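Engineer: Once you've had a glance at the structure underneath, I'll fire off some questions.
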Amino acid sequence: MSNPPPSFLESTRNKIKQNGWKRLLLAVSGGLDSICLAHFFVTHKADLGIEWLGIAHVHHGLREGTADRDAEFVKVFAAQNQSQFFLGTLDGEALKAAEGSLENNARDARYDALRKFAHENRADAIVTAHHAGDQAETVYLRLRRGVSLAGLQGIQSVRLLATDTDLPHEAVFLYRPFLDVSRKELQEYARDNNLDWCEDESNSDVKFTRNQIRHEALPTLEKLHPGATSQLVRIASKTVSAYERILTIADKLFLPLVISRDDGLTLDTKKGKISLKNGMDEIFRLWLDRQGYRFPVGTFKGKALLNDIRNLSYRTRFIEKKRNIIRICEKKASADI
């Protein structure tokens, strides 16, 4: 990718045009990947049909000295490339003290900060530098933990990053154009374009799950089975295609049953006799996930027909059934259906 092939530039332009994006916010940490991302978009801004580019950096408050260096480095890069710069500063001690893993807490807080900058500047999408290595790590991690078909898609190139209120007009897209680009290709791009970047020493700390996979698990797997990393990326790509085909079929089966989307999703089973045998229970679960109602794998296992589903709950989601009417909602309704 020293000089991106015309096909890459074309596919990126098509994706941006297809979504109608004109204003993009680039998430730039200062590392190799994100500096290549920023350079590529700044250089090809006109070619890509972009009207406004902003560069955002999030300081997590977790590293002394080098974190300040990274923030200043990105600020200078933005100024040199005539791009607006936005700096988000997080409370590192609060991230450490919060429940859950530090890794996940930092990621969620980072996206919240980026989303805030995107809203304030009417950005259509936040662009991140996730690449093929990140995709392989994600698929490997999910396989290790256990995963459904949806999870095997890995990192999606485009997804909606909803707000806490989940109002569509306040949502913003996440866009990852480098998912098929290897780190080696990014290194070549940086070398050929004389780019400098910052090294984050925390990226080598294997107490973090991602780093352990990156520096130990995947290199071992690659040594035992050369090409395994690229196969993990290929699995994600193939699964995306298969998943979309399955959901298209599911739409044909289940959409005709939908009689209302007011305050939840309401289905009338009299409108079609749907079998849940032979894996259709999982397809129904995946379809509900696409509608915004996630339930765990196996929720509908053992049901012969859609009409066999009974009342159940999972976290904040409920399914209520009365005769032939099935209602799926985020919180239990006070009135009978």
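Each reported figure results from applying straightforward, stated rules to the coordinates on display, with no laboratory input. Everything quoted here is computed from the prediction, not taken from an experiment. Here the Cβ is made from the backbone with ideal geometry for all residues, glycine too, and neighbour counts use every protein chain on show.
Engineer: Suppose each label sits 7 Å from its Cα in the direction of the beta carbon; what would the Tyr314-Leu160 distance come out to in nanometres?
Structural biologist: Going from the Tyr314 label point to the Leu160 one covers 1.9 nm.
Engineer: Another question about this same structure. Quick check on the exposure proxy: order Asp281, Asp180 from fewest to most C-beta atoms within 10 angstrom. Mind showing how you got there, number by number?
Structural biologist: Values: Asp281 22, Asp180 17.
Exposure proxy ranking, most exposed first: Asp180, Asp281.
Engineer: Which of rounded, prolate or oblate describes region 6-235 when judged by the alpha-carbon gyration tensor and an a/c cut-off of 1.5?
Structural biologist: Rounded, since a/c falls under 1.5.
Engineer: Test of the criteria: in region 41-148, which GluC sites (Glu not before Pro) are in a DSSP loop and have at most 13 other Cβ atoms within 10 angstrom of their Cβ?
Structural biologist: Glu51, Glu64, Glu99
Engineer: Quick one: order Ile328, Ile319 by neighbouring beta-carbon count within 10 Å, fewest to most. Mind dumping the intermediate values first?
Structural biologist: Details: Ile328 19, Ile319 22.
Starting with the residue having the fewest Cβ neighbours, the order is Ile328, Ile319.
Engineer: Taking H as built 1.01 Å from N, whose amide H comes closer than 5 Å to the amide H of Val181, not counting residues under 5 places away?
Structural biologist: Ala132
Engineer: Which shape class applies to region 51-115: rounded if a/c is under 1.5, otherwise prolate when a/b exceeds b/c and oblate if not, where a ≥ b ≥ c are the square roots of the Cα gyration tensor eigenvalues? Mind showing how you got there, number by number?
Structural biologist: Numbers: a/c = 3.81, a/b = 1.76, b/c = 2.16.
Because a/c hits 1.5 or more and a/b fails to exceed b/c, region 51-115 counts as oblate.
Engineer: Enumerate the residues in region 273-309 having an amide nitrogen under 11 Å from the point lying 7 Å beyond the Cα of Leu149 toward its Cβ.
Structural biologist: In region 273-309, the label zone of Leu149 (backbone N under 11 Å from the point 7 Å along Cα→Cβ) covers 279-287.
Engineer: When DSSP assigns beta bridges and you keep just the ones with both residues in the chain, what percent turn out antiparallel, to the nearest 5?
Structural biologist: Of the beta bridges lying entirely in the chain, close to 55 percent run antiparallel.
Engineer: Follow-up question, since we're still on this one. Which whole-number percent gives the relative contact order of the chain, counting Cα pairs below 8 Å spaced six or more residues apart?
Structural biologist: It rounds to 15 percent for the chain.
Engineer: Working out 0.36 nm times the residue gap between Ile249 and Arg183, then minus their Cα-Cα distance, what length gain in nm do you get to one decimal?
Structural biologist: 20.1 nm
Engineer: Going 7 Å from the Cα of Ser11 toward and past its Cβ, which residues in region 216-239 have a backbone nitrogen under 18 Å from where you end up?
Structural biologist: From region 216-239, the list is 229-239.
Engineer: A follow-up question, please. In what order do His215, His131 fall by count of nearby beta-carbon atoms within 10 Å, going from fewest to most?
Structural biologist: Going from least to most buried by this count: His215, His131.
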